[in-house]
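No lab work stands behind these numbers, since they all come straight from the coordinates. Since we're looking at a predicted model, the values are computed, not measured. Positions of Cβ are backbone-derived with ideal geometry, glycine not excepted, and every protein chain shown enters the neighbour counts.
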2 protein chains.
Amino acid sequence: MSPVSTADGQLRPSHRRTAVVEALKGGNRFVSAQELHMRMVAEGTRIGLSTVYRALRDAEETGRVDVVQAGTGEKRYRWRRGGEHRHYLVCRVCAASRPVEAEAVEAWVASVVSASGFAAVEHTVELDGVCARCQRAAD
Amino acid sequence: MSPVSTADGQLRPSHRRTAVVEALKGGNRFVSAQELHMRMVAEGTRIGLSTVYRALRDAEETGRVDVVQAGTGEKRYRWRRGGEHRHYLVCRVCAASRPVEAEAVEAWVASVVSASGFAAVEHTVELDGVCARCQRAAD
DNA sequence: CTTGTTGCAAATTCTTTGCATGACA
DNA sequence: TGTCATGCAAAGAATTTGCAACAAG
């Protein structure tokens, strides 16, 4: 069954789920569910792939992680610190990420939305390139 | 085999591929490969799903279509008119799309990139919501 | 005990590929 | 006649789900 909120809105405790979150917090880069699972198993955590998927889906639905989609249709997750909505510039080679200052975009989105007649508009802004380090490594 | 360019850089003629492009031009909304295939078959065109996929991949690689990725990891395509790079506001319900004025974002992207040290940066800006018509239909 | 969580394997969904066939230059 | 496009079925890849075993309150 999928995790359910208890009366006070908190998720019921769970070693595994906690472990997933901890593993995610441990990195500053976007990782896929499978990568995260492999990493956890490699570090000795006994956990199933499904549980990792379930934990990440929960985290996504409750807005605790940022998500990007590679062109392959694979999702990559990154723990969201500070609880704010952010956008990132992600390296296509090493998946390192750096948050970018995105106020201008937020403002633009708001103006476009208000003029469109659309409701419940969500936005995705993804930037990906090759970071300076990987550029050097490519030589 | 995958389509190959001839000496003059043009794709070799092909009924099927042309048919895919025509079918795509026939709509103003983003469609998935499978939807497009079903539509073509329903209209009497004899064509295989693989061919639709191949044609769309070609079109994507040569920049003749705009692509968005639904949260499901499924790609949706829309014929690009006028050859310019555009961004769209897409309805989550009916997939109707309207291009948005995106100069502000392009400028923002350029400034972020120049300050980052990243190279070969690509950007994705996707806006999705519920269009006015589908809002009314929901009542 | 009862309820929610986990893991495994099977099932889904979207997309790509291998290969024999068919069509056009 | 040779080359490339096509279709079908099989292969792949990422993710979800059914279900029995299990852990915790």
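Observations on the model:
- When only alpha carbons of chain B are considered, Rg and Dmax amount to 17.2, 57 Å.
- Diffusion coefficient, µm² s⁻¹, Stokes-Einstein with Kirkwood Rh over alpha-carbon pairs of the protein assembly as shown at 4 °C and 1.567 mPa s: 61
- Using C-alpha pairs below 8 Å separated by at least 6 residues, the relative contact order for chain A is 20 percent.
- Distance to the A-onto-B rotation axis is smallest for one chain A Cβ; residue and value in angstrom are A:GLY73, 2.
- Distances between placed amide hydrogens fall under 5 Å for B:TYR88 paired with B:VAL100, B:LEU127, all partners being 5 or more residues away or on another chain.
- Other copies of B:ALA104: label-to-label distances in nm, shortest first, labels 7 Å along the beta-carbon direction: 1.1
- Pairwise FRET efficiency - B:ALA104 versus A:LEU49, Cβ, R0 = 41 Å, nearest 0.05: 0.45
- Partner shielding of A:73-80 amounts to 1, given as the average count of beta-carbon atoms from other chains within 10 Å of each residue beta-carbon.
- Highest-first arrangement of A:42-51, B:30-39, B:117-126, where packing means the average Cβ count within 10 Å: B:30-39, B:117-126, A:42-51
- In the assembly of identical copies, A:ALA42 has its label point, taken 7 Å from Cα in the direction of the beta carbon, separated from the corresponding points by 4.7 nm (ascending, one decimal).
- For A:LYS75, the lysines whose Cα comes closer than 18 Å to its Cα, not counting residues fewer than 8 places off in the same chain, are A:LYS25, B:LYS75.
- Our coupling estimate for segment B:131-137, obtained by passing each phi through the Karplus curve with A = 6.51, B = -1.76, C = 1.60 and θ = phi - 60°, is 6, 4, 5, 6, 5, 5, 4 Hz, Gly and Pro reported as x.
- Taken along its principal axes, the alpha carbon cloud of segment A:85-139 reaches lengths of 49, 16, 16 Å, longest axis first.
- Counts of other chain beta carbons within 10 angstrom of each beta carbon in peptide A:58-69 average 1.
- Within-11-Å neighbourhood charge of A:GLY48 [Cβ basis; K, R +1; D, E -1]: +3
- With its label point put 7 Å out from Cα toward Cβ, A:ARG57 sits 2.8 nm from the same residue's point in the other copies, in order from shortest.
- Peptide A:122-133 is shielded by partner chain Cβ atoms: per residue, an average of 6 of them sit within 10 Å of its Cβ.
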